[in-house]
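Contents: one structure, followed by commentary.
What follows is calculated from the coordinates using simple rules that are stated; it is not laboratory data. Since this is a predicted model, take the numbers as computed values, not measurements. Note that each Cβ is placed from the backbone with ideal geometry, even for glycine, and that neighbours are counted across all protein chains shown.
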Amino acid sequence: MAQYFQIHPADPQPRLVQRAVAIVRDGGVIVYPTDSSYALGCHIGDKDAMARIRRIRQLVDRHDFTLVCRDLSELSLYARITNADYRLLKANTPGPYTFILPATREVPRRLMNPRRKTIGLRIPDHRIAEALLSELGAPLMSVTLILPGEDLPLSDPDDIRTHLEHQVDLIIDGGYCGLEPTTVVALEDGVARVLRLGKGDIAPFKAQLELTA
């Protein structure tokens, strides 16, 4: 049965954050809040935890995971970023965006898009997520917490506990979370293509808007 931590969304308790990160490092799958919605997360190097997340979400093998990072310096370890890309990233992070960028060799092959060799990365603007990432010292491999057959993420911690307490190792209750996923933006040398509309404002990218299905 999953452990259940109530962590304050504005002032996360260090003791609980440390215990949560210990669970991640030990191969656990966690539910945690972000600035867009709740997410499922695990350690970047843990194949078994990644497989468990796929089973929970009933994801096909080609479904892309996102690396949730602490800051731009960490993000740059996993993506090739031009000066033009950096300016856009700096202006729009942290925030509710997922950026699709060319992957570096630091990214495990199982996480890359197999055809385009790209990776999704984001830097959330949420105190609990920030505290977890800071304590972990590495990205969280994550997907939005949308259950099979549903269109919207779970947003109420009690509902999450009802559905997932026997499938994950930890549920972090950070209060009610949003229902909108991130806005997904592909970047290539300063040219942005908006691939999915979500919580993030697309105004910074309107000049290069190329919304896809």
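In terms of its C-alpha gyration tensor, segment 1-88 comes out oblate, because a/c is 1.5 or above while a/b does not outweigh b/c. Dividing the summed helix terms, -39500 (n - 2.57) for each DSSP H run of n ≥ 4, by the number of residues in the chain produces a 222 nm estimate of -8000 deg cm²/dmol to the nearest 500. Within the chain, the proportion of Cα pairs with more than 30 Å between them is 16 percent.
The region of the chain that goes longest without hitting one of the GluC sites (Glu not before Pro) in a DSSP loop, each with at most 14 other Cβ atoms within 10 Å, is 1-105. Quarter the surface of the alpha carbon convex hull of segment 58-162 and you get the mean projected area, 7.8 square nanometres. In the chain, the sites counted are trypsin sites (Lys or Arg not before Pro) in DSSP loop states with at most 16 other Cβ atoms within 10 Å, and the longest stretch holding none of them, exclusive of the sites, is 118-213. Annotation: extensible slack from A10 through D71 equals 20.1 nm (criterion: 0.36 nm per residue apart, minus Cα-Cα distance). Calculate the length of the line joining the C-alpha centroid of segment 86-106 to that of segment 15-47, in whole Å. Taking the Cα centre of segment 15-47 as reference, the centre of segment 86-106 is 21 Å away.
Placing unit charges on the Cβ atoms only, positive for Lys and Arg and negative for Asp and Glu, gives the chain a dipole magnitude near 840 debye about its Cα centre.
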